[in-house]
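**Student:** The structure's right below; bear with me while I get my questions together.
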Amino acid sequence: MPGAPRRRSAKRKHRRLPGLFALTAAIALLSWILPNDFYFNVAILAGLNSIVCIGLNLLIGYAGQISLGHAGFFSLGAYGAAILTTHFGWPPVPALVASAFAVGIFALLVARPILSLKGHYLAMATLGMGVIISIALVQEGKLTGGPDGLTVAPVNFFGVDVVSAQAWFWIVSVVLIAAVWLALNLVDSPVGRALRSLHGSEVAAEAMAVDTVHHKIIVFVISALFASVAGSLFAYYSGFLTPAEASFLRSIQFVTMVVLGGMASIYGSIIGASILTVLPQLLTVFHDYEQVVFGLILMLTMVFMPKGLAPSLARRLKEWAS
Amino acid sequence: MAQFLQFLFSGITVGAIYALVALGFSIIYNASTVINFAQGEFVMIGGLTTAVLSAAGMSIPAAAAIAVLAAVAIAIALEKLAVEQAGSASVITLIIITIGASIFLRGLAQLIFDRNYHTLRAFSGDAPIHIAGATIVPQTLWVLGTTILIVIALWWFFSRTLLGKAILATSHNRLAAQLVGINTRSVLLLSFGLSAALGAIGGILIAPISLTSYDVGVMLGLKGFSASILGGLGSGPGAIVGGLLLGIVEALGAGYVSSAYKDALAFVVILLVLLLMPQGLFGRRSTERV
């Protein structure tokens, strides 16, 4: 029945639109109600984290492969773009694209050996990769500024200086919407279906002639690209990078955002990333108790909503409606 | 040669602590397939509590006993109040819960103690001992001796006692263990307590050699996890060999290659081992049932 699947995918295409409209509306609303640069700053960081988490969720939520090293890709994208613009005078867009290209090649090279590992061994290998990147960033001080950090020259896009937080908010928003659109399309593509079959049972997928290694590598590289682009934008926006961006804790933070928001939920990643970006800002009122409260909230959320926020809330909403 | 011995001794000392932490990871993993990311915090609780109590005038054995008990009590609370409540949640959800717990415990330690570094007096003086041109501090002997005793005690526990065999049975096949009447829930509780005790003892032993503070758990936990993976997750001998190997590679790397890249070198070695042996050195070959 060649007609049946195509009709379903056409239907799904329409189902994608309301979500994208809702996201755009939410962003427009935010740009209208956010009172000052401080709030815009938090929103921009939430947006950048969301982009990383959407990519990472493709890997964790859809392909069922864990990575504890995505801060490595994020920081490579950040430092790559920063070094090309600051030391070599490249314009920002080519620098971003070149960094993403390099990160993609790097991810492709490490993907095959790393993804042949399973479960916690895979987690260890990605963790090791991240730690090695972070140590290299600290030690190669000539290019990266080492532990003191790297000041990024102000960038201008096509001759226009971008300085205001509002302008950055819109740039990040556009990239975020594009990322969501790309991810939704990918999930609905043959690659996406193959990935979900992987998550279910790798052996069954192989038995159905799905080239599991090939698909895992594709999604690993895509998630690395998402992280790299978000990293480059972060470098341009913040104007200052430190090796902390590559740290093991940062990688853990990305995974936590994905799981908190809900695995295999693209919008869940935005929710998870936004909450974990905004929460520490809110918790500063607790001063010394900040970490205690943060840890407690994280634990309680996962205990009571083990599937993550987005899927749990969606289910409750459905129960409430019926 | 003397220099090599010197590096080797310092590697073995740190490696013994990694081994204790790695054993903790493996015990909880065996009982639940969960990686307990709060494992490093038990190391911190052990070392920091002992250091602070001993600085307040308490004798080291008493302070150490309180520290170990505190770590065990916290681990049991973590299992009862969080891990058990999450019930049938997926493994990754449980892992995130332990990450939340580690952030919580670090924050708590910062509140109860402070953000400063603390020292703990060496158990039996600082007079160096000379062996074939290399020198070691007496604390090294404490670290190695205690680790050897613990390993023997664990071996006896897991191979000679009913309780230990029940834990092993649960790790092999949870359902079958339940069927023969093993209370797998209390096995999980016991595993958390045991891992916390091992971590806390490791933290106390190493505190006189390297300082301790509220955030030492992050790095020690990371190294312990790496050691347990290197040896093969869930394998007792693997955790010990993995820990020692990691310590020695680090020490030799720092001595002969570059102290800046010693951590990177350790991870390169781990990656190479995993490429050749995807289950670690002593890991069980897993066959997936379909």
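Values in this text are rule-based calculations from the coordinates and carry no lab data. Predicted model only: the values in this text are computed from it and were never measured. We place every Cβ from the backbone using ideal geometry, glycine too, and count neighbours over all the protein chains shown.
**Student:** Take the alpha-carbon positions of the range A:36-321, form their convex hull, and give its projected area averaged over all directions (one quarter of the hull surface) in nm².
**Tutor:** 16.4 nm²
**Student:** Here is a further query. Can you sort B:Val52, A:Val163 so the residue with the fewest Cβ neighbours within 10 Å comes first?
**Tutor:** A:Val163, B:Val52
**Student:** Percent of Cα-Cα pairs per 10 Å bin, from 0 to the last occupied bin, for the protein assembly as shown, please list those.
**Tutor:** Cα pair-distance distribution for the protein assembly as shown, in percent: 3, 15, 26, 27, 18, 8, 2, 0, 0.
**Student:** Oh, and also: Say R0 is 30 Å: what FRET efficiency, to the nearest 0.05, do A:Ala102 and A:Lys142 get from their beta-carbon distance?
**Tutor:** Once the sixth-power term is evaluated, E becomes 0.95.
**Student:** To the nearest 500 deg cm²/dmol, what mean residue ellipticity at 222 nm is calculated for chain B from DSSP H runs of n ≥ 4 alone, each contributing -39,500 (n - 2.57), summed and divided by the residues?
**Tutor:** The per-residue figure over chain B is -23500 deg cm²/dmol.
**Student:** Something else about it: Need one number: convex hull volume per residue for the range B:65-134, Cα atoms only, in Å³.
**Tutor:** Spread over its residues, the Cα hull of the range B:65-134 gives 175 Å³ apiece.
**Student:** Determine the equivalent ellipsoid of the range A:154-207 by diagonalising the alpha-carbon gyration tensor, then write out the semi-axes as square roots of 5 times the eigenvalues, largest first, rounded to whole Å.
**Tutor:** 40, 9, 9
**Student:** Oh, and also: In what sequence do B:Leu265, B:Leu81 fall when counting other Cβ within 10 Å, fewest first?
**Tutor:** Neighbour counts put them in this order, fewest first: B:Leu81, B:Leu265.
**Student:** OK, next. Work out how far the C-alpha atoms of the range B:1-153 reach from end to end along every principal axis, then list the three figures in whole Å, largest first.
**Tutor:** In descending order, the Cα extents are 56, 36, 28 Å.
**Student:** For chain B, modelled as a GNM with alpha-carbon contacts under 10 angstrom, which of B:Leu244, B:Leu23, B:Leu78 fluctuates the most?
**Tutor:** B:Leu78
**Student:** Once the dipole of the range A:36-321 is set up with Lys and Arg at +1 and Asp and Glu at -1 on Cβ about the Cα centre, which of A:Phe38, A:Leu56, A:Leu96 lies farthest towards its positive end?
**Tutor:** Positive-most Cα among the choices belongs to A:Leu56.
**Student:** Among A:Pro190, A:Pro154, A:Pro92, determine the one that fluctuates most according to a GNM of chain A built with springs between C-alpha atoms less than 10 Å apart.
**Tutor:** Checking each option, the largest mean-square fluctuation is seen for A:Pro190.
**Student:** Could you work out the pair-distance distribution P(r) of the range B:86-172 from its alpha-carbon pairs, with 10 angstrom bin width and percents rounded to whole numbers?
**Tutor:** 13, 18, 26, 31, 11, 1
**Student:** At 0.692 mPa s and 37 °C, plugging the Kirkwood radius over alpha-carbon pairs of the range A:19-131 into Stokes-Einstein gives what diffusion coefficient in µm²/s?
**Tutor:** Answer from the Stokes-Einstein relation: 201 µm²/s.
**Student:** Next question, about the same structure. Rounded to the nearest 500, what is chain A's calculated 222 nm mean residue ellipticity when only DSSP H runs of at least 4 contribute -39500 (n - 2.57) each, over all residues?
**Tutor:** Theoretical 222 nm ellipticity from helices: -26000 deg cm²/dmol.
**Student:** Over its Cα atoms, what ratio of radius of gyration to 2.2 N^0.38 Å does the range B:180-290 give?
**Tutor:** My calculation over the Cα atoms of the range B:180-290 gives 1.25.
**Student:** Starting from the Kirkwood Rh over alpha-carbon pairs, what translational D in µm² s⁻¹ does the range A:190-322 have by Stokes-Einstein at 20 °C and 1.002 mPa s?
**Tutor:** It comes out at roughly 123 µm²/s.
**Student:** How large is log10 of I(q)/I(0) for the range B:60-101 at q = 0.32 Å⁻¹ when the intensity is taken from the Debye formula with one equal scatterer per alpha-carbon?
**Tutor:** These q points yield log10 I(q)/I(0) values of -1.03.
**Student:** Also: Can you give me the pair-distance distribution of the range A:84-209, C-alpha pairs, 10 Å bins, whole percents?
**Tutor:** Using 10 Å bins, I get a P(r) of 10, 23, 33, 23, 10, 1 for the range A:84-209.
**Student:** Same structure again: Give me D for the range B:1-88 in µm² s⁻¹, whole number, from Stokes-Einstein with Rh from the Kirkwood sum over alpha-carbon pairs, 25 °C and 0.890 mPa s.
**Tutor:** 163 µm²/s
**Student:** How far, in degrees from 0 to 90, does helix B:216-231 lean away from the longest principal axis of the Cα atoms of chain B, to the nearest 10?
**Tutor:** On a 0 to 90 degree scale, this one is about 70.
**Student:** By how many degrees, 0 to 90 and rounded to 10, does the Cα axis of helix B:138-160 deviate from the longest principal axis of chain B?
**Tutor:** Tilt of helix B:138-160: around 20 degrees.
**Student:** Sticking with this one: Within 10 Å of each residue's Cβ, count the other Cβ atoms and sort B:Glu41, A:Glu245, A:Glu290, A:Glu206 from fewest upward.
**Tutor:** Fewest-to-most Cβ neighbours within 10 Å comes out as A:Glu206, A:Glu290, A:Glu245, B:Glu41.
**Student:** Right, next: If you scale each eigenvalue of the Cα gyration tensor by 5 and take the root, what three semi-axes come out for chain B, rounded to whole angstrom and sorted largest first?
**Tutor:** Rounded to whole Å, the semi-axes are 30, 24, 18.
**Student:** Another question about this same structure. Which distance in nm do the two modelled labels at B:Thr119 and B:Ala56 give, with both placed 7 Å along the Cα-to-Cβ direction?
**Tutor:** Between B:Thr119 and B:Ala56, the label points sit 2.1 nm apart.
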